[in-house]
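A quick write-up on the structure given underneath.
The values are calculated or read from the model by the stated rules, or taken from the named source; none is laboratory data. Model, not experiment: these values are computed from the prediction. A quick note on method: Cβ atoms are made from the backbone with ideal geometry, for glycine too, and the neighbour counts reach across all protein chains shown. Just the protein is used for accessible areas: all its heavy atoms, side chains included, with ligands, DNA and RNA removed. Shrake-Rupley method; radii C 1.70, N 1.55, O 1.52, S 1.80 Å.
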There are 4 protein chains.
Amino acid sequence: MKTDLAGPAPRWARRKQARPAELLAAALDVFVERGFAATRLDDIALRAGVTKGTLYLYYDSKEDLLKAVVRAGMVPVVREAEAMVAHFTGSTAELMRNLAAVWWNAIGATRLSGIPKLVIAEAGNFPEVARLYHDEVIRPVSELIGRLLQRGMDSGEFRSVDADYMQRIAMAPLVMLNLWMHSFSRYDAYALDPPRYLAAYLDILLAGLAPRSETQGNRSCR
Amino acid sequence: MKTDLAGPAPRWARRKQARPAELLAAALDVFVERGFAATRLDDIALRAGVTKGTLYLYYDSKEDLLKAVVRAGMVPVVREAEAMVAHFTGSTAELMRNLAAVWWNAIGATRLSGIPKLVIAEAGNFPEVARLYHDEVIRPVSELIGRLLQRGMDSGEFRSVDADYMQRIAMAPLVMLNLWMHSFSRYDAYALDPPRYLAAYLDILLAGLAPRSETQGNRSCR
Amino acid sequence: MKTDLAGPAPRWARRKQARPAELLAAALDVFVERGFAATRLDDIALRAGVTKGTLYLYYDSKEDLLKAVVRAGMVPVVREAEAMVAHFTGSTAELMRNLAAVWWNAIGATRLSGIPKLVIAEAGNFPEVARLYHDEVIRPVSELIGRLLQRGMDSGEFRSVDADYMQRIAMAPLVMLNLWMHSFSRYDAYALDPPRYLAAYLDILLAGLAPRSETQGNRSCR
Amino acid sequence: MKTDLAGPAPRWARRKQARPAELLAAALDVFVERGFAATRLDDIALRAGVTKGTLYLYYDSKEDLLKAVVRAGMVPVVREAEAMVAHFTGSTAELMRNLAAVWWNAIGATRLSGIPKLVIAEAGNFPEVARLYHDEVIRPVSELIGRLLQRGMDSGEFRSVDADYMQRIAMAPLVMLNLWMHSFSRYDAYALDPPRYLAAYLDILLAGLAPRSETQGNRSCR
DNA sequence: TATGAATGAGCGTTCATTCAT
DNA sequence: CATGAATGAACGCTCATTCAT
């Protein structure tokens, strides 16, 4: 799965058209490494192989750059996820497993995984970033997951739950994995094992959604 | 349930002893509102009703203030949770429900709920803050929840799960609720309903931990 | 030879009367160690075993403290030198040797040796300090040395020189020794040997003052 | 004789290349006037016709600026003195008179004369400044004067003296003249006449170095 | 007399943003 | 398009001075 953010700027590809993507790639790197406030535009320019002034030819301000990074990085992945769901024909549980894998490959294992931390940290200071991220990323994904849960309930695969809120609960561990990787996991002692984390996640999520046997309550389903 | 952070500094209580707590309360407020980097020491001082220099009579630096805020805010709550678990005698599920309620009352519904966002945002820039929060908050809580899961499994109340990682999954939605409240929930349109969120959370968590019926697979627990 | 500046404050001597001298001793130490600007009143107070506020019971300001240190440290030594000269009966050359020794014992080898550097560095910023030091220290000493040179010329011991300016030249190496000890000599590699320095100084000074050729009359040395 | 430090920055010469020298000239002026600690970067910038931030485009810190001022100001003069000595063919006494004149024209009569006071005052607080000044200025000059004395002794022009220490004694009155000009001479009442001072200096220095007549030593005149 | 908490003005340094070239 | 020198507004931290106790 590809994103619009270029990889480490290849020197030979300095076409004018490629410039913005190169800048965004550099900006993403540094924003994720240092956080928004601690990032100097000089660092971004240095990593992109340009000078600070050049950034202003493409983006109006540091905040504008942040918004571009968020949008260019996340929206394509959202689109892709939506396309995947639209064409999937298997069981809902299978679909959720696939989605988790896609999410891991497209975001979790890439530099994009740093975006949620960035956005959460700055949402309070930059309403436009909050709105952008919510409307372009969170809302579509929420609706996607909400529809998925509904699909599972409709088919009898899942028991009846509060779909609107359950999708939030379902997303939380995935987001937290990203946050952890870009906060505590930076220190070796606090690192965790993502596959094992994801396995535990899918285990309890699907178990929790599975219909209870008719004759048994939750507590007594033993 | 109370915290160690005092309310808005009463003018008449300028006792030396009360000062540090007043400063921490003000610092917490502003840090949570603005984030660490965007917070000016002048703002904290203003809110505490003192001048900037006074802060340095009690704390060595802005980072030191952050560490004090985190420690003074969270450690007592952790202790309280540990005490509660140690004396509880009911079912593990009930204990988990109680813990969620305690957590909500002591943290979620107070200004302390802003600390996780602060720490996650700054953990990368301030290793000491990361270490402090992990060792004094995350680790004890993780172990607490891990023991809880083990207790449930031992008693047959819960099915067998990867306790170490499952506690991370179990904590994630609670942390995410805090993060949400201090990022997107600031904008009315994106607010959510905490009780409903917590209900959905406990619903799926306990359902997911409940033993499956012996004769039936996950899908077919009917 | 004693000064008015007390040694390391003896705890048992905390008579009110002794306080000002203790403060001055502490102030001299720290001023000499760090320079005027880099010295914090807190450091002086700490060394004197009092608190910062106490300093203001005895001295109006940091500059006032500096003036007191300079006056209390140097004036007694000047008086002593004047007394010594007044009672001396030997040759002028011998008197100058004695004066150099007295100067070394009373100033060069004590903490007072740091005062010239202090005064020279701050004279431009504090006219009162400049005036004080010049009128109470430099002028008396200049006149003393000038009279000495005149005495030597009158007696035929010295050749005829520009007494007024020669006393400045004569003082320069002694002052420079003090300055060196409190600047470069702080670094071992740049230290020098004071006795050897003083020997070379007296050697050339007295040789330079001695009457020239044999055929020229040397009234007192024939 | 010129120095590398430009005069009052001409507005029309805002070439990038000229900037550093303009900044150093301004810095030298203000450092000498106020001393290092009392100098505000704003003052230097104002005098150079730039803003404070501009200083940091060329120098890393206030201390770095001090080092640059010292190096750029003194090293060329040292080189010049060394070149002059290397090519001189007259008598050693004549050479010393010439050196004193060169020193006066290149340093004593220029703003550079303020540097020794600066360095002596700050050597204790800034080891790097001390080392720089000692290794790049004091040591070369000391060696130069030491060789000169040796040359005079070898040729029989001078009597035998402790060359290593005598060069220190010989330099002291010149340094002291600089210090005086930038401390007490600021106040008219305490000003002195440099030519007369230098005449007295050369008078006694050369007289003191001259060989004694065989029959009458200085020492035997008691 | 002595304390020490509090002040408030000040300074070195940083960095997003601008603009002449 | 691109540069990079310059700006100027901040902000963290310091410390001489004050004053209620």
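When C:ALA101, C:ALA130 are checked against the criterion of being within 19 Å of C:VAL77 (Cα to Cα), of a type in the set (A, V, I, L, M) and open to solvent by 20 Å² or more (accessible area, probe 1.4 Å), a single residue qualifies: C:ALA101.
Kindly check whether there is at least one residue in region B:173-184 that is part of a helix (DSSP H, G or I), over 25 Å from A:PRO195 (Cβ atoms), free of Cβ contacts under 8 Å to residues at least 40 places away in the same chain and open to solvent by less than 20 Å² (accessible area, probe 1.4 Å). Before you say what the answer is, go through the steps one by one.
Looking only at region B:173-184, we keep the residues that are part of a helix (DSSP H, G or I), and these are B:173-181, B:184.
Right, trim to over 25 Å from A:PRO195 (Cβ atoms) and you get B:177-178, B:180-181, B:184.
Of the ones still in play, those that are also free of Cβ contacts under 8 Å to residues at least 40 places away in the same chain are B:180, B:184.
Applying the additional criterion that residues be open to solvent by less than 20 Å² (accessible area, probe 1.4 Å) yields B:184.
Looking through region B:173-184, at least one residue is part of a helix (DSSP H, G or I), over 25 Å from A:PRO195 (Cβ atoms), free of Cβ contacts under 8 Å to residues at least 40 places away in the same chain and open to solvent by less than 20 Å² (accessible area, probe 1.4 Å).
When you look at D:ARG168, is it outside any helix (DSSP H, G or I), surrounded by 16 or more Cβ atoms within 10 Å (Cβ to Cβ) and facing another protein chain (nearest Cβ under 10 Å), yes or no? Considered against the rule, which asks whether it is outside any helix (DSSP H, G or I), surrounded by 16 or more Cβ atoms within 10 Å (Cβ to Cβ) and facing another protein chain (nearest Cβ under 10 Å), D:ARG168 comes out as no. Consider region C:152-165 and keep the residues that are in contact with a helix residue (DSSP H, G or I) (Cβ under 9 Å, 6 or more places away or on another chain) and not in a helix (DSSP H, G or I). The one that is most open to solvent (accessible area, probe 1.4 Å) is C:SER160. Taking residues in region C:50-72 that are within 14 Å of chain D (Cβ to nearest Cβ) and part of a helix (DSSP H, G or I), and partners anywhere that are open to solvent by 50 Å² or more (accessible area, probe 1.4 Å) and more than 15 Å from DNA strand E (Cβ to nearest atom), the pairs with Cβ atoms closer than 9 Å and at least 6 places apart or on different chains are C:GLU63/C:GLU128; C:VAL70/C:GLU136.
Which of the residues belonging to region D:19-63 are among the basic types (Lys, Arg) and over 19 Å from C:ALA121 (Cβ atoms)? Walk me through how you get there before you give the answer.
Initial filter on region D:19-63 (among the basic types (Lys, Arg)): D:19, D:34, D:40, D:47, D:52, D:62.
The answer is D:ARG19, D:ARG47, D:LYS52.
Looking at B:GLU80, B:GLU122, B:GLU157, just one residue is more than 27 Å from A:ILE204 (Cβ to Cβ) and not basic (Lys, Arg), and that residue is B:GLU122. Here A:ALA21 meets the list (1) open to solvent by 10 Å² or more (accessible area, probe 1.4 Å); (2) at pLDDT 95 or above; (3) within 14 Å of DNA strand F (Cβ to nearest atom) almost entirely, failing just condition (2). Within region D:63-70, is even one residue more than 12 Å from DNA strand E (Cβ to nearest atom) and more than 16 Å from the chain's Cα centre (by Cα)? Within region D:63-70, not a single residue is more than 12 Å from DNA strand E (Cβ to nearest atom) and more than 16 Å from the chain's Cα centre (by Cα). Considering A:LEU202, A:LEU192, the condition of being touching a helix residue (DSSP H, G or I) at 6+ places or on another chain (Cβ under 7 Å), assigned to a helix (DSSP H, G or I) and either within 7 Å of chain B (Cβ to nearest Cβ) or aliphatic (A, V, I, L, M) (or both) is satisfied by A:LEU202 alone. Only one of the listed residues (C:ILE138, C:ILE145) is modelled with pLDDT of 95 or more, crowded, with 19+ Cβ neighbours inside 10 Å, out of contact with any strand residue (DSSP E or B) (no Cβ under 6 Å at 6 or more places or on another chain) and within 9 Å of chain D (Cβ to nearest Cβ). That residue is C:ILE138.
Condition first: farther than 15 Å from A:GLY108 by Cα and in contact with a Ser or Thr (Cβ under 8 Å, 6 or more places away or on another chain). Can you find one or more residues in region A:166-179 that meet it? Spell out the reasoning first.
Of all residues in region A:166-179, those farther than 15 Å from A:GLY108 by Cα come to A:166-170.
Then keep just the ones that are in contact with a Ser or Thr (Cβ under 8 Å, 6 or more places away or on another chain); that gives A:167-168.
Yes, some residue in region A:166-179 is farther than 15 Å from A:GLY108 by Cα and in contact with a Ser or Thr (Cβ under 8 Å, 6 or more places away or on another chain).
Filtering region D:36-49 to residues that are within 13 Å of DNA strand E (Cβ to nearest atom), part of a loop (DSSP other than H, G, I, E, B) and open to solvent by 10 Å² or more (accessible area, probe 1.4 Å) leaves D:PHE36, D:ALA37, D:ALA38, D:ARG40.
Number of residues in region B:16-35 that are of a type in the set (D, E, K, R) and part of a loop (DSSP other than H, G, I, E, B) equals 1.
Meeting the requirement of 1 or more residues that are without any contact (Cβ under 8 Å) to a residue 24 or more places away in the chain and touching a helix residue (DSSP H, G or I) at 6+ places or on another chain (Cβ under 9 Å), the helices (runs of 4 or more DSSP H) wholly within region C:78-151 are C:92-103, C:127-133.
Give the residues of region D:29-49 that are within 14 Å of another protein chain (Cβ to nearest Cβ) and among the basic types (Lys, Arg), sorted by residue number. Show your work before the answer.
Step one: of region D:29-49, the residues within 14 Å of another protein chain (Cβ to nearest Cβ) are D:29-40, D:43.
Matches in region D:29-49: D:ARG34, D:ARG40.
Total residues in region B:73-97 satisfying the condition of being within 14 Å of another protein chain (Cβ to nearest Cβ) and either surrounded by fewer than 15 Cβ atoms within 10 Å (Cβ to Cβ) or near DNA strand F (Cβ under 8 Å from one of its atoms) (or both): the figure is 3. Taken over region C:78-102, residues that are of a type in the set (A, V, I, L, M, F, W, C) and in contact with a Ser or Thr (Cβ under 7 Å, 6 or more places away or on another chain) amount to 0.
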